[in-house]
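Take a look at the structure below.
The values are calculated or read from the model by the stated rules, or taken from the named source; none is laboratory data. Remember, it's a predicted structure, so these values are computed and weren't measured experimentally. Ideal geometry is used to build each Cβ from the backbone, glycine not excepted, and the neighbour counts take in all protein chains shown. Surface accessibility is based on the protein's heavy atoms, side chains included, excluding ligands, DNA and RNA. Shrake-Rupley method; radii C 1.70, N 1.55, O 1.52, S 1.80 Å.
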Amino acid sequence: MNNFRNIWDIKNASKEKLTQHAFDYLVGGADDLRTFNRNIKAYQHFQIRPRRLIDVREVNTSIELFGKEYASPLYLSPVGFQGLFHPEGEIPSVKAAAAKNILSIASTVTSKSFSEICAAVNTPPWFQLYTTSDRTTTTRLLDQAQKNNCETIVLTIDVPVPGNREKHIGILTGNMRTENALGNFENGGADFDATLTWDFIPWFKKNYNMNLLLKGIMTAEDAAIALDHEVDGIIVSNHGGRQLESDLSTIEVLEEISKVVNGAIPIFIDGGIRRGTDIFKALALGATAVGIGRPYIYGLSTDGQTGVEKVLKILQTELVRNMQIAGVTSISKINRKCIREKKF
Ligand SMILES: Cc1cc2nc3c(=O)[nH]c(=O)nc-3n(C[C@H](O)[C@H](O)[C@H](O)COP(=O)(O)O)c2cc1C
């Protein structure tokens, strides 16, 4: 563990540890992986503008979300079926996040039930919701979240149908079951909801008193509609390049979205974050918090909770060092002036 210098080292260790099927499921994406790759590469088009001669001995990376303070803007994005990567499923990940005072979001399609996950930590994670066309299942999932004192629901809106993930074909049978009693999601995750529309939001608000975030916004237009519907936050995400091969990365669309949102609600982003500089750049372009998916699963599969904590430590250490060298002492001081964009 101590020999791991960066996320790439842990990815290599994870490849050694996992079966070919599980590793393929983890690293796979839609079609020819162009969007997946672009999520990572696009960060090179943004360059940090460092400021000098500032006392940077003390750096504060804490942020506040809905009245709660977290140690870092980094958070764990929802990743389903973690039982494929560790015998204890999601438990080590959620414990690692809690130990570091980092936000985590539990998927609908978890290997452990949401109640079991919540029992492992003091503060429940946020719950990511996949709806089904039948509202009874959706209601059951939301009731379970509410019963466990979950304060925030993250509605994933980019899976009307599953993306074309050609490497997953071998694994989408038998191996995957979710403990959240999800009807046809069991044994393969087949029942996605092509009927989901904006009408869901008033229905949710009428029936539930939890924050609602939309995960999967990729355009200014949809950010504006989300604002009209008074959601509590949005997540700029293309599902880690697993859904539409759109040839657009999340970091490239962040600025058009943050212009529309204009500070009204928090903006989260995930996809391609592999370095502290990536976190810094996303914050500079308007993100409030920055999520990772695959990187923490590399840690989980390599060494359980210790592995996830190592991933968080690496990225956090990189973020702090980058802030110091760029002359910035707190997250709120990272702004548009800290970054320039030059395509090459
Ligand atoms: C193996 C795997 C499973 C995922 N499962 C879910 C899920 O159940 N729900 C969801 O909203 N997003 C899911 N995602 C997407 C992540 O939440 C996140 O958007 C993405 O992984 C971020 O990109 P990154 O992996 O490059 O950090 C999954 C991603 C991966 C890699």
(request) Given the options SER93, SER237, SER62, state which has the largest fluctuation in a GNM of the chain using a 10 Å cut-off (strictly under) for Cα springs. (result) SER62
(message) Taking 0.36 nm per residue of sequence separation and subtracting the Cα-Cα distance, how much length would be gained by fully extending the chain between THR219 and GLU341, in nm to one decimal?
(response) 42.0 nm
(request) Name the residue, out of ARG38, ARG51, ARG321, whose mean-square fluctuation peaks in a Gaussian network model built on the chain with Cα pairs under 10 Å. (result) ARG51
(message) Could you report the chain's accessible area per residue, 1.4 Å probe, as an integer in Å²?
(response) 44 Å²
(message) If each residue of separation counts as 0.36 nm, what is the full-extension length gain between ASN6 and ARG52 once their alpha-carbon separation is subtracted?
(response) 13.9 nm
(message) If I take R0 = 25 Å and measure r between the Cβ atoms of GLU166 and LYS15 in this structure, what FRET efficiency does the formula 1/(1 + (r/R0)^6) give, to the nearest 0.05?
(response) 0.85
(message) Taking 0.36 nm per residue of sequence separation and subtracting the Cα-Cα distance, how much length would be gained by fully extending the chain between LEU227 and ASP199, in nm to one decimal?
(response) 8.7 nm
(request) Give the cross-link partners of LYS281 among the lysines, using a straight C-alpha distance below 17 Å as the criterion and excluding same-chain residues fewer than 8 apart. (result) LYS41, LYS259, LYS333, LYS337, LYS342, LYS343
(message) From the phi angles alone, apply the Karplus equation (6.51, -1.76, 1.60; θ = phi - 60°) to region 274-283 and give each ³J(HN,Hα) in whole Hz, x where the residue is Gly or Pro.
(response) 10, 9, x, 5, 5, 4, 4, 5, 5, 5
(message) Using a Gaussian network model on the chain with a 10 Å cutoff between Cα atoms, which of SER107, SER14, SER246 fluctuates the most?
(response) SER246
(request) Just the number, please: carbon plus sulfur as a percent of the accessible area of the chain, 1.4 Å probe, no ligands or DNA/RNA counted. (result) 47 percent
